Structures are given as structure tokens and as C-alpha cells.
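Novice: Starting off with a structure, shown below.
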Amino acid sequence: MPAHDLQHALAGTGRAAAWPEWAEDKRIDDAFAEQAYNATSPQCRAALKTGLALAFMHFGQSLGCLRAERRDNHLGYWLHTTAFPAPWALVAFTPGFTAAARLAAACVPAQLAGVPLLGAVCVDGEASRQALVSLELSGVEDIFMLDTAGLFALLEEVQPSPGRLVLMHTGELSGARQTARALGIPCYEESRPPSLVLPEPDAFDMNVLAFAQGSALEHTLEPAHPVTPAALYLADKAALGHCRLHHDGPHYADSLALSPGCEGFWLHTGLTPDFFRVSRLAFGPLADTSR
């Protein structure tokens with residue numbers, strides 16, 4: 001490939017990302033989202049809004065496009081880095097997915113990364129009330145209902161590519177993961193509900209927690225369980241103590257401690273704004289000015 005053609009290919013077409021025209025007929029009617037919102041208690045909606053605010057506090061503001069260059073005269077080389085948002089991102093989930101906080105946690109990093117086109121797809125059925133409210137409050141406007149073949153077609157046709165794919169499922173969307181891999185689309189997935197520890201349920205708003213965590217709340221672990229939980233719901237002092245504690249034990253691995261008032265908040269391990277960003281590096285020798 002000639003050098004100028006290669007540079008053009010690396011730079012991209014400059015076109016804004018867009019969903020295929022046929023996907024417009026698969027949009028979920030705004031009326032359904034409005035009904036779901038109105039059917040959800042103010043306490044649950046407020047908790048999810050608090051969770052979104054905590055996510056923004058944790059990740060910080062969007063960085064947009066970044067460029068940096070370093071020159072090392074001792075080594076005689078330069079380094080140039082560029083980082084910018086992926087052209088699009090898609091969050092796919094199943095009809096049985098009812099964890100509002102975890103769905104919001106899948107969307108917020110993409111928004112903070114500055115992804116210009118963010119969509120969600122409920123695959124093979126109608127989206128749950130919790131999912132619709134979560135997407136509404138998370139600011140996701142492009143919500144589709146597709147069958148599995150439709151999801152595959154969407155991944156193949158949306159341009160420019162590659163974007164980013166997040167899957168929220170319990171095995172039903174494994175084919176989408178394989179399709180993404182074949183297309184070179186980076187994919188993050190939650191393929192099973194997270195393990196939770198809840199030693200003092202009376203300290204928390206259990207209605208809100210059920211809205212936030214869905215089926216994961218049905219199988220909470222005992223505090224001394226050998227499996228490291230994804231999150232521990234603890235009183236304020238206990239949560240802070242867990243964070244400060246350094247010892248070998250059942251909770252030595254990475255984990256999240258949440259205190260009362262944080263029921264609507266969640267973080268997916270490894271799913272940060274960086275996942276939704278494109279990074280490019282270039283190295284080269286400094287010009288020899290001694291000649």
C-alpha cells in the first residue's frame with residue numbers, strides 16, 4: 001500500500017458514526033420508556049441518579065482527544081501518543097436483565113470517554129422496566145430491540161469500525177462475543193451476576209437494592225465465604241475499614257465496599273473510560289543535527 005493511502009486508512013474516513021437505516025424501525029418507542037419511568041418509585045430513581053453522580057466523581061471529567069509528545073535527547077528518540085474516543089459503542093443485554101445500577105455502570109464510562117454514538121440493544125425480547133429506566137437516566141437515547149441475527153447484522157454494518165461492545169448476559173449472548181472477536185471489535189462482558197455480601201440488610205433500602213441489582217440479590221454470600229465478592233454492602237465505618245485493611249484473607253483480592261446511600265451505584269471491574277478510547281503510539285529517532 002502506498003504511504004499516502006496508508007496514512008488515509010489510519011486517519012479514517014472522517015465520517016460520523018451512524019446506525020444502519022434499517023435499525024430505525026427497531027427503536028423502542030419512547031412511550032415505553034416513559035411508562036417504565038412513571039412506574040418506578042421516586043426513591044429508586046433518586047438512588048440511580050446518586051449512583052450516576054458517584055460514577056462521575058470516580059472517573060472524573062471526559063478527556064476528549066489528547067495528544068502528547070516526549071523527546072529523550074539521551075536516548076535519541078521521540079514518542080508521540082494520541083488518544084481519542086471510539087466512534088461508537090453498543091451495550092447489549094437480555095430481557096431478563098433487571099439490574100438497573102449495573103446497566104448504568106456499563107453506559108457511563110462510554111459517555112465519559114466522549115463516545116459520539118452510544119446505543120443499547122435488548123436482544124430477543126422486550127426490555128425490563130429496570131433496564132429502560134436505567135438507560136433513560138443514563139442519557140442513552142438510541143435503544144433498539146433486535147433478535148440475535150439483528151444484533152450480529154448491526155455489529156457488521158455500523159461504520160466506521162471498530163467501535164466497542166458491552167454484553168450483559170448469563171450466556172445467551174456468547175455468539176455476539178464471538179462475532180465481535182471476528183470483526184475485531186473490543187468486547188467487555190458481564191456473563192454472570194456478581195457475588196455480593198450483605199451482612200446487615202436492615203441498614204439498606206432493600207427495595208432500592210433489588211431495583212439496582214436484580215437477581216444478584218437473591219444469592220448473597222456470607223461474610224466469611226471463601227469466594228471473593230464483587231461488592232460488600234457494609235455500614236459506613238465497616239466500609240471504610242475494609243478499604244483501609246491490608247491483610248491476607250477471604251477478601252484480599254480487589255473488591256468494592258458500598259455503604260447505605262450507595263445502593264444505586266456500581267462499578268464493573270476493568271470497565272473504565274479507557275476501554276472506550278482509541279490509543280495510538282509512534283516512536284522514532286531524533287534527527288541527527290551533528291551532521
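Novice: Order the peptides 196-202, 64-70, 76-82, 171-177 from the highest to the lowest mean number of other Cβ atoms within 10 Å of their residues. Don't skip to the answer; put the middle values down first.
Specialist: Values: 196-202: 15.4, 64-70: 10.3, 76-82: 13.6, 171-177: 17.1.
Ranked from most to least packed, the peptides come out as 171-177, 196-202, 76-82, 64-70.
Novice: I would also like to ask the following. Please label the shape of the chain as rounded, prolate or oblate, based on the square roots a ≥ b ≥ c of the eigenvalues of the alpha-carbon gyration tensor (a/c under 1.5 means rounded; beyond that, a/b larger than b/c means prolate, else oblate).
Specialist: Details: a/c = 2.26, a/b = 1.33, b/c = 1.69.
Cα axes put the chain in the oblate bin.
Novice: Under the rule of at least 5 residues apart or a separate chain, name every residue whose amide H is placed under 5 Å from the amide H of residue 257.
Specialist: So residue 257 has HN proximity to 232.
Novice: Accessible area of the chain with a 1.4 Å probe: how many percent of it is carbon plus sulfur?
Specialist: Numbers: 8420 of 15770 Å².
Whole-percent figure for carbon plus sulfur exposure: 53.
Novice: Accessible area per residue, 1.4 Å probe, Å², for the chain: what's the number? Spell out each step's value before the answer.
Specialist: Details: 15770 Å² over 291 residues.
About 54 Å² of surface per residue is accessible.
Novice: Report, for the chain, the % of DSSP beta bridges that are antiparallel, rounded to 5.
Specialist: Details: 18 of 43 bridges.
Expressed as a percentage, antiparallel bridges in the chain total about 40.
Novice: I would also like to ask the following. As a check on your grasp of the helix formula, calculate [θ] at 222 nm for the chain: sum -39500 (n - 2.57) over DSSP H runs of n ≥ 4, divide by the residue count, round to the nearest 500. Working shown, then result.
Specialist: On the way: 9 runs with 97 residues, N = 291.
About -10000 deg cm²/dmol.
Novice: So, by mean Cβ neighbours within 10 angstrom, what's the order for 233-242, 261-270 with the highest one leading? Write down the numbers at each step before the final one.
Specialist: Working: 233-242: 16.1, 261-270: 20.3.
In decreasing order of mean packing, 233-242, 261-270 become 261-270, 233-242.
Novice: Here's a follow-up. Give me the dipole magnitude in Debye, nearest 20, for region 95-166 about the Cα centre, with unit charges on the beta carbon: positive for Lys and Arg, negative for Asp and Glu. Could the numbers behind the result be given before it?
Specialist: Working: 3 positive and 8 negative charges, 69 e Å.
Here region 95-166 has a charge dipole of around 340 debye.
Novice: Let me ask another. Where Lys and Arg each count +1 and Asp and Glu each count -1, what net charge lies around residue 283 among other residues with Cβ under 13 Å from its Cβ? Display every interim value, and only then the final one.
Specialist: Details: positive: 70, 71, 280; negative: 69, 72.
Cβ neighbours under 13 Å give a net charge of +1.
Novice: Using only the Cα atoms of region 1-155, build the gyration tensor, take square roots of its eigenvalues as a ≥ b ≥ c, and label the shape rounded, prolate or oblate: rounded if a/c is under 1.5, else prolate if a/b is larger than b/c, else oblate. Display every interim value, and only then the final one.
Specialist: On the way: a/c = 3.36, a/b = 1.63, b/c = 2.07.
Here region 1-155 falls in the oblate category.
Novice: Please compute the net charge surrounding residue 148, taking Lys and Arg as +1 and Asp and Glu as -1 over other residues with Cβ under 10 Å from its Cβ.
Specialist: Every neighbour counted, the sum reads -3.
Novice: Based on the mean of other beta carbon atoms within 10 Å per residue, what is the order of 28-34, 93-99, 275-281, most packed first? Mind dumping the intermediate values first?
Specialist: On the way: 28-34: 13.7, 93-99: 21.3, 275-281: 16.0.
Peptide ranking by packing, descending: 93-99, 275-281, 28-34.
Novice: Lys/Arg Cβ at +1, Asp/Glu Cβ at -1, dipole of region 1-154 taken about the Cα centre: which of 57, 92, 74 is farthest positive-ward?
Specialist: Projecting each Cα onto the dipole axis, the largest value belongs to 74.
The values are calculated or read from the model by the stated rules, or taken from the named source; none is laboratory data. Just so it is clear, the model here is predicted, and its values are computed rather than measured. In this analysis, Cβ positions are derived from the backbone assuming ideal geometry, glycine residues included, and neighbour counts consider all displayed protein chains. Calculation scope for accessible area: heavy atoms of the full protein, side chains included, ligands and nucleic acids excluded. Shrake-Rupley method; radii C 1.70, N 1.55, O 1.52, S 1.80 Å.
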